Amino acid sequence: MWFRWQSLTLWKRILIAFMLAVALGSLLKVLGLEQVAAGFEPVGRLFINAIRMLMVPIILTTIIAGVTSLKDTSRLGRLGAMTIGLYLLTTAFAVSIGLLMATLIRPGAGISLPEVGGESDLVEAPTLGELLLGLVPENPVAAMVEGNVLQIIVFAILLGLAINLAGEKGAPVKRFFHSAAEVMFKLAHMVMELAPLGVFALIVWVIGELALVELLSLVWIVVTLYAACLLHIALVYGGCIRLLGRLKPQHFFRGIVDAQAVAYSTATSAGTLPVTLANVQRNLGVSKNVSGFVLPLGATMNMDGTAIYMGIAALFTAQALGVELTMTQYLTVVLTSTLASVGAASIPAAGLIVMPIVLSSVGLPLGAIALFFPIDRLMDMMRTMTNVTGDSMVATLVAKAEGELDHEVYDAPAVE
Ligand code: ASP
């Protein structure tokens with residue numbers, strides 16, 4: 001039995017675990033046995049810890065290995081520009097889809113917003129200036145200790161460039177990081193064997209925790225978010241893969257199932273990064289150079305699901321108050337949601353934390369934040385899955401454009 005289970009491919013094991021968890025979680029919830037569901041939390045946390053443990057060393061080693069493999073440095077600039085361009089473009093589409101779905105479904109109609117009084121004390125949203133200044137770490141070790149992904153990326157790119165410039169003298173350091181990157185991937189592989197169990201425990205626990213009363217009154221916002229994210233994934237990502245990449249979308253989606261399941265159950269795209277890297281390289285044939293650069297950047301700055309959430313929250317608030325947004329306000333929402341999603345950390349509930357940036361940019365009160373709090377996890381899971389899918393899509397397109405996509409791997413009939 002155990003042997004047969006282990007002989008199934010990982011994504012099948014994860015999906016089966018996911019479905020069993022939904023069944024068990026729902027059963028426990030119906031029977032009122034939330035306590036039992038809560039007992040699964042430590043196992044889930046153990047899995048989250050294990051994948052987060054990989055995050056910093058993987059980002060550092062893969063980026064340095066990637067940068068030191070690029071022979072000419074001007075390619076790095078081109079790669080960066082293409083990546084960031086695609087990230088921003090898809091995010092602007094994402095907010096627009098969120099706004100469209102919220103206009104159609106009207107999740108805020110008839111809802112009364114709680115007063116949270118003036119500015120929310122939930123957050124201190126960073127300004128754009130702070131965001132830019134914060135890119136360069138004062139102390140790279142501190143950046144690693146704090147898990148500040150953007151700062152680690154900047155340090156790793158600079159270190160990689162310096163290794164290239166040092167030529168022969170830098171060669172041992174280069175070899176060290178290439179070898180370290182390989183070792184980290186082996187470790188990621190080991191941790192991923194825990195994924196079915198981790199996903200199972202997390203989903204049972206989350207279902208047990210669901211605040212049903214709040215969920216019932218806010219069911220339409222959840223429906224709107226899920227519909228907008230799924231539409232964005234199918235239309236924008238599927239469309240880009242087909243039209244810009246001239247590749248088969250079904251192969252793309254099949255190749256990243258593990259990453260999507262882990263993103264959905266853990267609600268952190270930075271934490272999912274090791275899995276995303278492994279999927280994109282092994283199942284889609286994206287080179288290490290491209291994925292090692294594009295994915296860590298995407299995990300921090302590309303959050304389409306989060307941007308969709310921002311757009312929906314703004315319209316939700318306007319609908320609850322019975323006010324119509326003007327065209328300028330719509331455009332402001334698109335712009336600030338894009339920026340807020342870039343600034344959001346890739347950790348659970350980050351979307352809620354940056355929401356005031358968007359709401360206050362168009363003068364809306366912050367009551368929605370308090371309202372969404374009890375059911376945020378359910379929406380966070382979908383946002384995170386969308387975020388991770390978007391990163392993988394851009395990595396695939398950039399690899400294709402750079403001639404760094406192994407078509408034999410991408411077109412292989414099945415993912416093993
Ligand atoms: N949890 C999301 C992520 O890690 C961010 C969010 O809260 O929207 O991608």
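Values in this text are rule-based calculations from the coordinates and carry no lab data. Computed from a prediction, not measured in an experiment: that's the story for all the values here. Counting neighbours? That spans all protein chains shown, and the Cβs are built from the backbone with ideal geometry, glycine included.
Taking Cα atoms only, the orientation of helix 304-321 departs from the longest principal axis of the chain by about 10 degrees.
Computed over the Cα atoms of segment 172-217, the ratio of the radius of gyration to the Kirkwood radius (Rg/Rh) comes to 1.41.
Computed 3J(HN,Hα) for segment 92-97, one whole-Hz value per residue from the Karplus formula 6.51 cos²θ - 1.76 cosθ + 1.60 where θ = phi - 60°, is 5, 4, 4, 4, 4, 5, glycine and proline marked x. Pairs exceeding 23 Å between alpha-carbon atoms, taken from LYS248/LYS400; LYS174/LYS400; LYS71/LYS186; LYS12/LYS288: LYS174/LYS400; LYS71/LYS186; LYS12/LYS288.
In summary, segment 248-321 shows an alpha-carbon radius of gyration equal to 1.34 times the 2.2 N^0.38 Å reference for compact globular proteins. Summed over all non-identical Cα pairs, the Kirkwood treatment of segment 1-62 gives a radius of 14.1 Å. The ranking of LYS400, LYS169 by Cβ neighbour count inside 10 Å, starting from the fewest, reads LYS169, LYS400. Put in order of Cβ neighbour count within 10 Å, fewest first, the listed residues PHE253, PHE316, PHE373 become PHE373, PHE253, PHE316. Each listed q (0.06, 0.09, 0.10, 0.13 Å⁻¹) maps to a log10 I(q)/I(0) for the chain from the Debye sum over equal C-alpha point scatterers, namely -0.24, -0.54, -0.67, -1.14. Put simply, the convex hull of the Cα atoms in segment 270-393 casts, on average, a shadow of 7.6 nm². Dividing the C-alpha radius of gyration of segment 337-383 by 2.2 N^0.38 Å, with N its residue count, gives 1.10. The packing ranking, built from the mean of other Cβ atoms within 10 Å per residue, places the peptides 347-358, 132-143 in the order 347-358, 132-143, highest first. Computed over the chain, the per-residue total of -39500 (n - 2.57) for DSSP H runs of n ≥ 4 gives a 222 nm mean residue ellipticity of -24000 deg cm²/dmol, rounded to 500. Residues HIS232, HIS407, HIS178, arranged from fewest to most other Cβ atoms within 10 angstrom of their Cβ, appear as HIS407, HIS178, HIS232.
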